[in-house]
């Protein structure tokens, strides 16, 4: 190799070295905890679901933002990335604006599910924060996995429970029963969680990433009347379920403030 060729090769090697150092420096900045924390804080402040982009928030949705978000999530780097989260944050705002402008699912009937853990607060006071958090994470994985598998969307997490929506009542009922079954093997520090669920179908108004309206309140009241380990479904919702593998107890009037006085509910279980 002549001197000129050696010099050109050296320049190319130096350029590659500089590029590699720049890439490493950019990756360090992109993964820096302070940068990640700033982006996470920004996502909590802007409109929409701060978790938008995960499997639950985009499952089954065909809006442009959801389609792009699924593609972005599929390209998730093998390290924490502020740039990746910032991109999902922009899609979060896009989706929220589309829904607020009336291009979301707010005018369609959906089946609303509320869950929570009976007796959790009293136990958590004795168990302490670390153990309680461990339980919530375990329960969350079990419940949300069951909901996602049935095509549900988590609207929001409510401490020891969630609010979710489904397109069809049958899917919502099955998901709630699957979640109950998944929790049967959960035990943390000797404590076994007891989940209750309330299900009601209606046409709530969608505002941003949330659902508001009378039907949401009714679903919440149905859940409040359920006992530990019980899935309680409003009578109008059960009328849309046709599944021989499911059975119910007799209808009983829902005695709760904020619910229609003539509304009846049923306990649902799987046929033995």
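Across the stretch 113-188, the relative contact order, built from alpha-carbon pairs under 8 Å that are at least six residues apart, equals 38 percent. Packing, as the average of other Cβ atoms within 10 Å across residues, places the peptides 239-249, 165-175 in the order 165-175, 239-249, highest first. By the count of neighbouring beta-carbon atoms within 10 Å, fewest first, 206, 227, 252 end up ordered 227, 252, 206. Note on residue 90/residue 121: beta-carbon distance plugged into 1/(1 + (r/R0)^6) with R0 of 41 Å gives a FRET efficiency of 0.65.
Label positions at residue 225 and residue 23, each projected 7 Å from the Cα along the C-beta direction, are separated by 6.2 nm. Note on the stretch 165-253: Rg/Rh from C-alpha atoms, Kirkwood Rh, equals 1.00. Spin-label model, residue 210 to residue 156: label points 7 Å out along the Cα-to-beta-carbon direction sit 0.4 nm apart.
Values quoted throughout were computed directly from the atomic coordinates according to the rules given, and no laboratory measurement underlies them. On a predicted model such as this, the values are computed, not experimentally measured, just so you know. In this analysis, Cβ positions are derived from the backbone assuming ideal geometry, glycine residues included, and neighbour counts consider all displayed protein chains.
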